[in-house]
Structures are given as structure tokens and as C-alpha cells.
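Okay, structure first, notes after.
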Amino acid sequence: MISLTSPVRTAAHSWPAGAKLAALCVATVVLFSVQKIGWHLAFMTATALLYALPGRVFFRSGMVRLWGLWPFVALIFVWHVITHDVATGAAICFRMVTAVGLANLVTMTTRLSDMMDVVRVLLSPLNRFGLQSHRIELAMALVIRFTPVLALKGQALVAAWRARSPKRPGWRIIIPFAVLAIDDAEHVAEALRARGGVSR
């Protein structure tokens, strides 16, 4: 597993995780409340500036993580071009890039343990109803940790396919990718069992 935090230390690293997550929630509400494309372009530009402020290394690292969005952005925009609603499509694309970009900023500048501490506090009232919140915390942590790992393995499968065949991989890598994901899940499950599982 790999860390999602930034390779560059910034001032935002010292800010409380709860405050950053709360600000992200407010920003997301604002993004979905505004409809005018001009505002969304301004929001996306401001987000890009936030990435640029800590320097080139931070900016490049953030853009690499956001690059995976381009197929979804392209698909949405092309669909709205076909349906003759370019303005709406552009606004949706700007909103998506900005929202994910801000979430990525929080992830890059916040340790996973700090985010889990916030989740623990938020879920603690549910313990009174018999819900084991520590299981949810573990599940969330595993999803956050393994998502980029699986993405990298998917890219490696595509690269391996292209090195052996001129055809596009398409659906052909779905089964190998699923096998890799299941294999990783089994390894993690075995490691958890070896450490006593998740029961308290």
C-alpha cells in the first residue's frame, strides 16, 4: 500500500483534519448550489492556484493524481455536445474537476490517521445502537489506501496487454484485474486475522 499524502510539506499539513474536512463539505455544497459556468471556471482556476502555491513538485504530484478523471470528463462533455447542451456539460465537468481537486488537496495534506480520528468521533454516537464503528473506520481506511494501488495495477495490466497485442484491451483485462483485486483482498484478510482480526 502507498501513502496519498504529499511529498512536499505545506502549511496546510498542520491544520486540523476536522477543519479541512468541514471546509471541504462547505465547498462541495457551494459547488452544487452554483449553476453559472463563469463561477465554476473561477472555482476551478482558484483550485489550480492552490495546487501551484506550494511549488512545482506539489503541483505536479496533484495533477498526476487528478489525471485519472479525464475519461469521465471527456465522456460527460462529449455526451452534452451530442445533446446540444455544451454549457451544462462544461459546468458539470468544471464542477467535477474542482470537487475532486479539493478533496485531493485535503487528502494530500492530511494523514490518514488524522482523518480516521475525525471519522471515529463522528461515528462514536452510533456505538450506543450496537454499531461497531471501528469496522467502518477500517473499511474506509482500506478503501482509501487500496484505490490508488488498484489503479496502478490496472495501468500495469493495460501496459502489459499493449506490449503483447495491437488490439485495445477493453473488457479483456476485467477478469485479470478482478483476480488481482481478490488476491490483494485475501492477503489483507490473512494479515488481519494474523493480528487478531478487527474485534475488540
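I need the shape label for the chain. Rule: rounded when a/c is under 1.5, else prolate if a/b > b/c, else oblate, with a, b, c from the alpha carbon gyration tensor. Because a/c hits 1.5 or more and a/b fails to exceed b/c, the chain counts as oblate. Comparing Cα centroids, region 1-58 and region 65-125 end up 11 angstrom apart. Probing with 1.4 Å while keeping every protein chain in the model, the per residue accessible area of the chain equals 66 Å². For region 6-125, carbon and sulfur atoms together expose 76% of the accessible surface, with a 1.4 angstrom probe and every protein chain in place. Using Cα positions and a limit of under 23 Å, work out the lysines in reach of residue 36, with same-chain residues fewer than 8 apart set aside. Hits, sequence-local ones excluded: zero.
In the chain, the calculated helix contribution to ellipticity at 222 nm averages -24500 deg cm²/dmol per residue, counting -39,500 (n - 2.57) for every DSSP H run with n ≥ 4.
The values are calculated or read from the model by the stated rules, or taken from the named source; none is laboratory data. Remember, it's a predicted structure, so these values are computed and weren't measured experimentally. Ligands, DNA and RNA are stripped out before the accessible areas are found, and what is left, the full protein with its side chains, is counted by its heavy atoms. Shrake-Rupley method; radii C 1.70, N 1.55, O 1.52, S 1.80 Å.
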